[in-house]
Amino acid sequence: QPDVFNILGVYFTQSGLYDAAYEAFDSTLELNETHQYAERNRGIALYYGGRYDLAVRDLLKHYSDNENDSYRALWLYLAEREKEGSEQATQALRDRYQASDKQDWGWQLARLYLNDISEQAFFNEVMNSSMDNLQLAERLCEGYFYLAKSYQAQGDLGSAVALYKLAMAGNVYDFVEHRYSMLELSRIAQQLSQ
């Protein structure tokens with residue numbers, strides 16, 4: 001049952017048990033080599049485990065399977081930013097954005113990272129384009145999470161903490177952005193305690 005191992009891997013990642021997460025995702029992919037969520041989730045676990053070369057490898061493969069999926073491009077950007085630096089990662093994200101069909105709403109998040117849209121304009125877009133409260137909560141969860149990652153990379157941990165808390169406030173439990181906000185908060189707390 002590959003889905004069981006995939007879910008276990010996500011829980012292990014959330015708990016900071018990265019070796020166990022890698023094994024769970026490997027088991028998923030041994031049982032179903034085309035399980036794309038396990039591929040993405042293993043890349044994310046590798047990212048959080050500080051194994052950026054392997055994270056980029058997995059996330060690049062995952063992105064190549066659907067180059068119009070903005071979230072694949074965003075996670076790849078985050079891993080590349082750690083591996084190669086901000087300037088190269090930003091240029092790669094810009095190239096991916098330009099090559100995409102731009103149909104996926106998540107490309108607005110990429111535009112935020114590329115400074116093609118201000119935070120105010122981004123949140124106005126969220127408010128104006130959400131069709132109902134559920135979609136609004138989902139988009140705010142994503143927006144707060146990715147914006148928090150940006151502030152965290154700039155060293156503004158106070159803003160990052162506030163945004164991670166907001167990402168969790170909408171209770172969008174199924175989204176990776178909600179799941180990993182708590183992990184990010186734990187990592188910041190650990191960083192500050194050192």
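The values are calculated or read from the model by the stated rules, or taken from the named source; none is laboratory data. Computed from a predicted structure; not experimentally measured. All Cβ positions, even for glycine, are placed from backbone atoms using ideal geometry, and neighbour counts span all protein chains on display. Each accessible area value is taken on the protein alone, full model and side chains, heavy atoms only, with ligands, DNA and RNA left out. Shrake-Rupley method; radii C 1.70, N 1.55, O 1.52, S 1.80 Å.
Taking region 178-194, which residues are in a helix (DSSP H, G or I), polar (S, T, N, Q) and open to solvent by 40 Å² or more (accessible area, probe 1.4 Å)? It would help to see each step written out before you state the result.
Residues of region 178-194 in a helix (DSSP H, G or I): 178-193.
Then drop every residue that is not polar (S, T, N, Q), which leaves 181, 186, 190-191, 193.
Answer for region 178-194, where residues must be in a helix (DSSP H, G or I), polar (S, T, N, Q) and open to solvent by 40 Å² or more (accessible area, probe 1.4 Å): Ser186, Gln190, Gln191, Ser193.
Restricting to region 164-177, and then to whatever is in a helix (DSSP H, G or I) and among the small types (Gly, Ala, Ser), can you tell me which residue is farthest from the chain's Cα centre (by Cα)?
Ala169
Of the residues Gln14, Gln1, Gln120, only one is touching a helix residue (DSSP H, G or I) at 6+ places or on another chain (Cβ under 8 Å) and within 22 Å of Glu138 (Cα to Cα); which? Talk me through it step by step, then tell me what you get.
Working: Gln1 fails: within 22 Å of Glu138 (Cα to Cα); Gln120 fails: touching a helix residue (DSSP H, G or I) at 6+ places or on another chain (Cβ under 8 Å).
Testing whether each residue is touching a helix residue (DSSP H, G or I) at 6+ places or on another chain (Cβ under 8 Å) and within 22 Å of Glu138 (Cα to Cα) leaves just Gln14.
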Q: Take the residues in region 116-172 that are under 22 Å from Leu76 (Cβ atoms) and of a type in the set (S, T, N, Q), then tell me which one is most open to solvent (accessible area, probe 1.4 Å).
A: Gln154
Q.
Could you check region 20-54 and list, in sequence order, the residues that are in contact (Cβ under 8 Å) with a residue 12 or more places away in the chain and hydroxyl-bearing (Ser, Thr, Tyr)?
A. Tyr22, Ser27, Thr28, Tyr37, Tyr47, Tyr48, Tyr52
